[in-house]
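What follows is calculated from the coordinates using simple rules that are stated; it is not laboratory data. Predicted, not measured: the structure shown is a model, and the values here were computed from it. When we count neighbours, we look across all protein chains shown, and the Cβ atoms used for this are built from the backbone with ideal geometry, even at glycine.
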Amino acid sequence: MKHVAKALGSGVVAGVALVTAYSFIEAWLRTLARGPAVLSPSDVAFAALLFSIEYGIIIAIVCIPLWLLLQRVGLTGPFVAALLGFTATLAYWMISNYPPVQPARSGVAYALCGAVAGLVTWWTGNRR
């Protein structure tokens with residue numbers, strides 16, 4: 001049980017770090033292109049940090065039974081973990097941003113962070 005918690009925790013931390021870094025870089029580049037904004041890149045990154053902790057925990061909780069189902073039918077491995085992370089993150093992003101306020105491409109960027117988080121979870125869970 002401790003091993004599973006460590007794997008899930010490392011996946012959530014990886015996802016949170018990636019989303020925070022992506023949000024900061026995106027806001028920083030936008031500031032360079034358009035000039036000062038209402039929120040600084042660090043403010044945007046801090047908000048992303050707070051939201052992604054909540055999102056990451058919820059996504060991990062939803063993915064546990066899905067992963068167990070995939071294991072039961074013999075679909076495991078790094079590709080499946082990444083696909084599950086990508087799909088779950090994109091689905092949760094679409095549900096939480098309905099009606100869509102941001103373009104879908106920003107959801108794909110977050111879903112890629114979820115894919116990497118799925119890989120980190122799989123890798124940590126399979127390390128012995």
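Rounded to the nearest 20, the size of the Cβ-charge dipole of the chain about its Cα centre is 380 debye, with Lys and Arg at +1 and Asp and Glu at -1.
Scalar couplings 3J(HN,Hα) for segment 38-51, obtained by applying the Karplus form with A = 6.51, B = -1.76, C = 1.60 to θ = phi - 60°, are 5, 9, 6, x, 5, 5, 4, 5, 5, 4, 5, 4, 5, 5 Hz; x denotes Gly and Pro. Each Cα pair under 8 Å and six or more residues apart adds its sequence gap; the mean of these over the residue count of the chain is a relative contact order of 38 percent.
Springs join every pair of Cα atoms under 10 Å in this Gaussian network model of the chain, and among 18, 39, 49 the largest mean-square fluctuation is at 39.
In segment 1-70, Cα pairs under 8 Å separated by at least six residues give a relative contact order of 39 percent. I'd like the Kirkwood hydrodynamic radius of the chain, using the inverse of the mean 1/r over distinct C-alpha pairs, in Å. After inverting the mean inverse Cα-Cα distance, the result is 15.2 Å.
Dividing the summed helix terms, -39500 (n - 2.57) for each DSSP H run of n ≥ 4, by the number of residues in the chain produces a 222 nm estimate of -30000 deg cm²/dmol to the nearest 500.
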